[in-house]
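Asks: Pasting in a structure now, in structure tokens, and then I'll have a few things to ask.
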Amino acid sequence: MINSKFTIVTFYQFKKIQDILIIKNELLFFCKFNKIKGTIILAKEGINGTIASTSANIKIFESKIIKIGFNNYNPKYSYSKFMPFFRLKIRVKNEIVTLRTNLADPQNITGKKIQPNEWNSLICDKETVLIDVRNDFEVKMGTFKGSLNPKTKSFTDFKSFVKNNLGKAKNKKIAMFCTGGIRCEKISSYMIKKGFKNVNQLHGGILNYLNKTPTKKSLWTGECFVFDSRVSVQNELKDGTYEICHACRYPISMKQLKSSKYLKGFSCPNCYGTISDSKKKSLIDRNKQISIAKRKGLYNPYIKQTVNDF
């Protein structure tokens with residue numbers, strides 16, 4: 001069954017690295033040669049990525065990054081009938097997850113990692129302050145009941161949320177969660193440096209919880225946004241129901257798909273009336289190219305590929 005699907009692996013490791021450009025070029029060549037698509041971010045503090053390919057190719061990639069020196073890369077696996085990425089992107093940035101602070105040191109200090117089978121007990125404790133570390137649009141798609149929504153637009157905003165809302169919680173039991181764990185690694189380190197005494201984080205994030213927790217025992221409600229063309233996943237990592245707006249890149253619910261402001265490939269209720277003329281032209285050209293490719297049976301990265309097509 002898995003052999004008929006693409007394997008998706010989300011991974012990260014905080015580790016001080018040198019020769020970033022050499023590693024980038026090495027991975028770029030390796031991934032292209034082995035037909036691996038997705039996004040990898042490199043920085044002096046480590047590596048962060050989500051990629052997809054055949055199961056065999058992903059195993060080869062994992063051997064490669066271990067050989068490079070990333071032997072504790074926290075992998076989370078899921079599967080898709082279609083290739084969830086259009087292309088390969090490997091970028092060098094200042095941080096592998098951007099918080100913009102010198103206080104965070106996740107390579108050496110993080111919160112206590114709570115396994116999925118221990119998570120329910122922790123968050124059902126009335127003394128626990130449960131916090132969703134993700135951005136507002138992600139929280140609105142799904143979360144754990146009773147969690148605080150910081151209503152951030154970007155991860156860097158979370159520092160202000162801590163300062164303005166958690167000052168009296170430094171001695172309380174904190175439980176935090178995010179998609180795959182990396183945001184919690186960084187913000188938990190920051191909060192500990194800020195004096196928080198009891199910081200806990202969901203190990204492997206929501207993806208690990210959904211994968212290892214049967215639906216009947218799951219306390220998750222809604223869907224979890226993922227950073228690929230699947231858009232969202234549900235309990236037990238089943239395919240979600242959301243789609244993506246190609247104009248503004250925001251997720252669109254089933255309800256929004258029925259809106260008069262939704263025009264497939266051009267607009268959704270989030271961006272209707274705000275798209276520039278140049279963007280409209282780009283979207284029109286893209287849709288023309290897709291239509292031509294479908295009609296002539298040609299390759300186009302925006303046409304869904306199965307393993308057999310790959």
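Read-outs throughout are calculated quantities, based only on the coordinates presented, and are distinct from any laboratory measurement. These numbers were taken from a predicted model, which means no experiment stands behind them. When we count neighbours, we look across all protein chains shown, and the Cβ atoms used for this are built from the backbone with ideal geometry, even at glycine.
Asks: Between segment 47-103 and segment 137-199, what is the C-alpha centre distance in whole Å?
Replies: 24 Å
Asks: Let me ask something additional. What is the projected area of the convex hull of the Cα atoms of segment 194-310, averaged over all directions, in nm²?
Replies: That works out to 12.0 nm².
Asks: Now, a different point. Per DSSP H run of at least 4 residues, take -39500 (n - 2.57); add these up for the chain, divide by its residues and hand me the 222 nm value, nearest 500 deg cm²/dmol.
Replies: My calculation for the chain gives -9000 deg cm²/dmol from helical runs alone.
Asks: OK, next. Could you check how many percent of all C-alpha pairs in segment 6-81 are farther apart than 21 Å? All intermediate terms of the calculation are to be shown ahead of the outcome.
Replies: Working: 498 of 2850 pairs.
I get 17 percent for the Cα pairs in segment 6-81 exceeding 21 Å.
Asks: Can you tell me, using C-alpha contacts under 8 Å and at least 6 residues apart, the relative contact order of the chain as a whole percent? Mind showing how you got there, number by number?
Replies: Details: 558 pairs, mean separation 50.0, N = 310.
16 percent.
Asks: Rounded, prolate or oblate, given the Cα gyration tensor of segment 8-47, with a/c below 1.5 counting as rounded?
Replies: It is oblate, given that a/c is not under 1.5 and a/b is not larger than b/c.
Asks: Equivalent-ellipsoid semi-axes (√(5λ), Cα gyration tensor) for segment 112-220, whole Å, largest first?
Replies: So the three semi-axes of segment 112-220 are 21, 16, 12 Å.
Asks: Could you give me D for the chain, from Stokes-Einstein at 20 °C and 1.002 mPa s, where the hydrodynamic radius is the Kirkwood radius over C-alpha pairs? Units µm² s⁻¹, please.
Replies: Working: Rh = 20.8 Å.
Result for D is 103 µm²/s.
Asks: With an 8 Å Cα cut-off and a minimum separation of 6 or more residues, compute the relative contact order for segment 112-220 in percent. Could you put the intermediate results ahead of the total?
Replies: Details: 164 pairs, mean separation 36.5, N = 109.
Rounded, it is 33 percent for segment 112-220.
Asks: What's the long-distance tail for segment 252-310, i.e. % of Cα pairs beyond 12 Å? Each step should come with its number before you reach the end.
Replies: Details: 1222 of 1711 pairs.
The calculated P(r) of segment 252-310 puts 71 percent of pairs beyond 12 Å.
Asks: Roughly how compact is segment 1-132, stated as its Cα Rg over 2.2 N^0.38 Å to two decimals?
Replies: So segment 1-132 has a normalised radius of gyration of 1.20.
Asks: Can I ask one more? Between ASP239 and SER4, 0.36 nm times their residue separation minus their Cα-Cα distance comes to what?
Replies: Roughly 83.0 nm would be gained on extension.
Asks: Among the listed pairs LYS81/LYS258; LYS126/LYS193; LYS35/LYS112; LYS89/LYS145; LYS67/LYS194; LYS140/LYS186, which are separated by more than 30 Å between their Cα atoms?
Replies: LYS35/LYS112; LYS89/LYS145; LYS67/LYS194
Asks: Next up: Of ILE192, GLN289, ILE40, which is farthest along the charge dipole of the chain in the positive direction, counting Lys and Arg as +1 and Asp and Glu as -1 at C-beta?
Replies: Result: GLN289.
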